[in-house]
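Here is the structure we will look at.
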Amino acid sequence: MPRFKIAEVTELQGHDDRAWNIAWNPAKPLLASCSADKTVRLYHYDHATDSSDLRFTHNTTISTGHTKTVRAVAWSPSGLSLATASFDANVGIWEQEGGEESEGPNAGEWECSSLLEGHETECKSVAYSSSGTLLASCSRDKTVWVWEVQPDADFECLGVLMEHTQDVKCVAWHPHEEILASASYDDTIRLYIDDPSDDWFCFATLKGHESTVWCVSWSPDGRYLASSSDDKTVRIWKRVKEHSWESVLVLTGHERSVYSISWGVGKSDDDASLGWLASASGDGQVIVWELTKPSDSDTAPMSPTPPGHSIIARLEAAHGVYDVNAVAWCPRQGYEDILATAGDDCSVRVWKVVPA
Amino acid sequence: MEVFNPNPVIFAPAKVASRRSKENKPESFWDDEDADVEDENAVEPIDQDEIFDLIRHISDPEHPNSLEELRVVSAPQISVSENRVIVEFTPTVPHCGMSTLIGLSIRVRLMQSLPPRFKVDIFVKPGSHQSEHAVNKQLNDKERVAAALENPALLDTVEKCLEKAEAWDA
């Protein structure tokens with residue numbers, strides 16, 4: 001029996017078409033969602049007085065100006081900038097009028113401070129590095145772009161990585177190093193670093209999935225990478241040398257494509273916990289796994305020993321009969337058991353993992 | 001435009017397979033105004049003939065014929081379980097560059113007609129196409145499909161293929 005259950009906190013309606021992605025602001029109580037309706041919706045949340053229940057209120061809707069689906073959203077680590085990736089091939093950077101001082105529901109409008117053009121076809125994912133100085137984007141044009149975030153919302157392209165042979169579905173930065181991972185329709189994952197005397201380059205290709213890799217997510221400690229695929233599995237890759245990662249675990253439980261995963265720190269009482277990994281699928285399920293350090297983690301931290309794993313919570317029909325396109329843990333302290341999902345039913349839902 | 005199969009074999013549509021008449025199909029889910037509404041939430045059984053009826057009149061992108069007349073689709077190539085529909089189709093020639101478009105038209109038709117509880121998987125008949133894996137992968141990638149349908153030229157072509165199928169609904 002799973003130790004926890006996934007309890008609904010709220011259902012957020014408002015998008016007019018499929019909700020593709022959600023992103024929690026790391027610094028402020030804001031949740032962003034994006035949709036095929038070309039908008040981004042922002043929700044503010046707080047605790048209702050004399051209650052521990054979270055209350056979500058619609059804050060604003062950004063009618064992005066993107067001419068096609070907004071496929072993905074990502075916040076900068078400061079929480080001051082929001083990036084949008086659109087099927088119109090562009091990346092938008094959004095900042096609030098008035099900048100850092102703006103707070104509360106009456107703060108300034110969200111305005112497009114930069115439009116990053118360069119991709120030839122649909123942009124599918126965007127991500128800020130942990131320091132906030134780099135931004136990565138990827139596209140059906142098979143490329144991954146690395147951008148330097150400069151003052152005054154200026155962006156300089158540092159590299160165009162043309163390693164994948166097919167669409168690139170997702171990009172994700174390592175939680176504290178400047179390592180970038182990308183996942184592709186070509187069934188592989190690629191890892192990149194910067195050569196200080198030259199350009200960004202691919203130092204590893206991770207093969208193992210039998211179909212499209214939809215999503216990648218790093219473990220909070222940065223020693224592992226999780227990937228989810230059209231082959232219905234989630235794989236865990238472990239760092240076995242500084243520049244070498246090996247597949248050490250295959251997690252099964254989904255019956256259709258696993259579109260999204262998110263690896264959060266969780267709220268475990270187990271000292272060996274590596275955090276909670278949530279997955280969302282076309283089968284309508286959300287599954288939460290707890291991963292734990294292998295017994296040799298102190299003596300041989302880079303051995304290919306797989307981490308321990310168990311399903312701690314499972315939710316069927318998270319969005320009714322519809323696909324679940326995205327799942328994301330809230331990164332803010334105190335909210336480590338809060339999840340958001342986005343679905344084909346146009347809704348965004350917020351969940352809390354609670355003891356069963 | 002390049003014609004991939006300039007001279008396709010055309011077959012007569014099966015007469016007995018037609019289930020358009022109300023007597024044969026009292027639970028048809030698109031005939032809301034005539035159906036006996038007992039319980040709107042009841043799960044209506046949908047069988048392979050009903051799915052076939054939805055897609056048989058789709059036009060081939062490069063011929064004036066329907067997918068049924070070209071034997072691209074047939075009822076035995078459809079399987080239906082509680083919440084899943086699998087449609088197999090047979091391109092007229094193994095190098096058919098229109099296969100993705102045909103598959104996309106079938107997908108759009110089913111997306112628009114079937115209740116949302118159905119997950120639809122579309123494949124070309126094994127061995128019938130030289131790029132079988134690539135065609136299958138593309139047709140079953142929801143992100144690719146979504147993006148394709150935001151392409152006005154492609155959407156226009158798909159809609160033309162669907163016109164005749166939709167006319168049968170009227």
Relative contact order for region A:1-151: what percent, with Cα pairs under 8 Å and sequence separation of 6 or more?
15 percent
Could you tell me what fraction of 2.2 N^0.38 Å the Cα radius of gyration of region A:52-96 comes to, as a two-decimal ratio?
1.36
Can you pull the percent of Cα pairs in region A:218-356 with separation above 21 Å?
40 percent
Cβ-based charge dipole, region A:4-355, positive-most Cα from A:G118, A:V350, A:T60:
A:V350
Cβ-Cβ cut-off under 10 Å around B:E166, Lys and Arg +1, Asp and Glu -1: the net charge is -1
Give the average, rounded to an integer, of partner chain Cβ atoms located within 10 angstrom of each Cβ in B:137-147.
6
Quick check for me: using +1 on Lys/Arg Cβ and -1 on Asp/Glu Cβ, what's the dipole size of region A:207-266 about its Cα centre, in debye to the nearest 20?
140 debye
Please express the shape of region A:221-271 as an equivalent ellipsoid: the semi-axes are the square roots of 5 times the eigenvalues of the C-alpha gyration tensor, given largest first in whole angstrom.
20, 17, 9
Dipole size in debye (nearest 20) for region A:299-356 around its Cα centre, Lys and Arg Cβ +1, Asp and Glu Cβ -1?
200 debye
Quick calc: nm separation of the 7 Å Cα→Cβ label points for A:A272 and A:Q166 -> 3.8 nm
Assuming 0.36 nm per residue, please report the length gained on full extension of the stretch A:E255 to A:K207 beyond their Cα-Cα distance.
15.1 nm
Amide H contacts under 5 Å for A:A72, restricted to residues at least 5 apart in sequence or on another chain and with H modeled in the peptide plane, are A:A85
Taking a quarter of the surface of the Cα convex hull of region B:48-167, what do you get in nm²?
6.8 nm²
Could you sort A:M162, B:M98 by their accessible area in this structure, using a 1.4 Å probe and putting the largest first?
A:M162, B:M98
Using a cut-off of 30 Å between alpha-carbon atoms, which lysines can reach A:K142, once sequence neighbours fewer than 8 places away in the same chain are excluded?
A:K38, A:K68, A:K124, A:K169, A:K207, A:K232, A:K238, A:K241, B:K119, B:K125, B:K137, B:K142
So what is the orientation-averaged projected area of region A:115-169, using the convex hull of its C-alpha atoms, in nm²?
3.7 nm²
Heavy-atom accessible area of A:D154 with all protein chains present, probe 1.4 Å, nearest 10 Å²?
80 Å²
Can you pull the accessible area of A:E95 for me, 1.4 Å probe, Å² to the nearest 10?
60 Å²
How large is the accessible surface of A:K5 in square angstrom, using a 1.4 angstrom probe and rounding to the nearest 10?
110 Å²
Sorting A:T299, A:T121, A:T143 by accessible area (1.4 Å probe), largest first, what list results?
A:T299, A:T121, A:T143
Environment charge at A:S182 (Cβ cut-off 9 Å; Lys +1, Arg +1, Asp -1, Glu -1):
+1
Count the DSSP beta bridges whose two residues both fall in the protein assembly as shown, then state the antiparallel fraction as a percent rounded to the nearest 5.
95 percent
If one computes P(r) from the Cα atoms of chain A, what percent of pairs lie at distances over 35 Å?
17 percent
Could you tell me the distance between the Cα centroids of region B:77-152 and region A:27-59, to the nearest Å?
37 Å
Of A:L251, A:A32, A:G266, which is farthest along the charge dipole of chain A in the positive direction, counting Lys and Arg as +1 and Asp and Glu as -1 at C-beta?
A:L251
Accessible surface, 1.4 Å probe, highest first, among residues B:K119, A:K352:
A:K352, B:K119
Filtered hits (aspartates and glutamates, Cα-Cα < 14 Å from A:K267, offset >= 8 within chain) -> A:E290, A:E336, A:D337
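The values are calculated or read from the model by the stated rules, or taken from the named source; none is laboratory data. Everything numeric in this text was worked out from a predicted model, so none of it was measured. We place every Cβ from the backbone using ideal geometry, glycine too, and count neighbours over all the protein chains shown. For accessibility, only protein heavy atoms count, side chains too; no ligands or nucleic acids. Shrake-Rupley method; radii C 1.70, N 1.55, O 1.52, S 1.80 Å.
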